[in-house]
1. For K62, list the aspartates and glutamates whose Cα falls under 18 Å from its own Cα; do not include residues on the same chain fewer than 8 positions away.
2. Sort 150-156, 105-111 for me by packing, meaning the mean count of neighbouring Cβ atoms within 10 Å per residue, highest on top.
3. Please tell me the relative contact order of the range 91-161 in percent, rounded to the nearest whole number, where contacts are Cα pairs under 8 Å and at least six residues apart.
4. On each of the three principal axes of the Cα atoms of the range 65-210, give max minus min coordinate, whole Å, ordered largest first.
5. Please calculate how many Å² of accessible area the range 66-174 carries per residue, with a 1.4 Å probe and no DNA, RNA or ligand atoms counted.
6. What shape does the range 125-212 take by its C-alpha gyration tensor, where a ≥ b ≥ c are the square roots of the eigenvalues and a/c under 1.5 counts as rounded, a/b above b/c as prolate, and the rest as oblate?
7. In this model, which of K76/K133; K56/K98; K98/K178; K133/K178; K59/K98; K68/K98 are farther than 20 Å apart at the alpha-carbon?
Amino acid sequence: MKTSAIENKREKWHTNGLTFYYQAGKLCQCRSKRPRLRNGKKKDGTPLQPSPEQIKARKVFKNIIALKHYYFKQIKDLPIWDLAPGEAGQTRLSKFHKVNSEACDERGVANYAAFKFSIGQLFRPVNVRATRKGWEITMIWENRENRKLSLPSDWLRVGYFYGSYPFSPRLLPDVVAKREDCQATFSIPNPGLEISEPIHLYLFFSRQDRIAFSTSYHVQL
């Protein structure tokens, strides 16, 4: 039987009073239980030195935590992750972490296509086409028939990243359009970057009462 890449990794290591470990393929951390590990020292009193891999893993973990808190400030009025499916006892932060940790590295989001700005059961936009003129974006999509998970009145919301800021997800404050409109034109705020700055957009639908959401659809322009 072949050994998976996850199984080849160290199951657990300790540094700076924290214990790092992999669970279901995800990097996790907790406060070390043994006093010498909390103090970050070996039995002879010399400091515990983390390996380069451990230093990188710690940096990734810290950046995901920072990204999570920035993200949740952006969507403070949208209970996307409170409603998202998860395991018993999971918080919205832990759900977000589990879904998006594989899309991140020590620089922030590294795989934008894998990142989920929103997750949910509503139908996503279909056959999306996008054009850009400066900071103005025009989106066109197809509308599915009127069904329980694709109401014409569903709101279209847009999250986005500037390519130069992979640790700062943002949300346009206003509803962009309704599902039945099949098109929308909107502007991304100009942060003073070059006009050639890449933009990563995440389109998702929301019920007007905010009790259901769709998984986001990624577009790069």
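The values are calculated or read from the model by the stated rules, or taken from the named source; none is laboratory data. In this text, all values refer to a predicted model and were calculated from it rather than measured experimentally. Please note: Cβ atoms are built from the backbone with ideal geometry, for glycine as well, and neighbour counts cover all protein chains shown. Surface accessibility is based on the protein's heavy atoms, side chains included, excluding ligands, DNA and RNA. Shrake-Rupley method; radii C 1.70, N 1.55, O 1.52, S 1.80 Å.
1. The reachable aspartates and glutamates, counting only those whose Cα sits under 18 Å from K62, are E53, E102, D105, E106.
2. Values: 150-156: 17.9, 105-111: 15.6.
The most tightly packed comes first, giving 150-156, 105-111.
3. Numbers: 48 pairs, mean separation 13.6, N = 71.
Computed over the range 91-161, the figure is 19 percent.
4. Projected onto the principal axes, the Cα atoms of the range 65-210 cover 43, 38, 24 Å.
5. Per-residue accessible area for the range 66-174 comes out at 51 Å².
6. Here the range 125-212 falls in the prolate category.
7. From the list (K76/K133; K56/K98; K98/K178; K133/K178; K59/K98; K68/K98), the Cα-Cα distance tops 20 Å for K76/K133; K98/K178; K133/K178.
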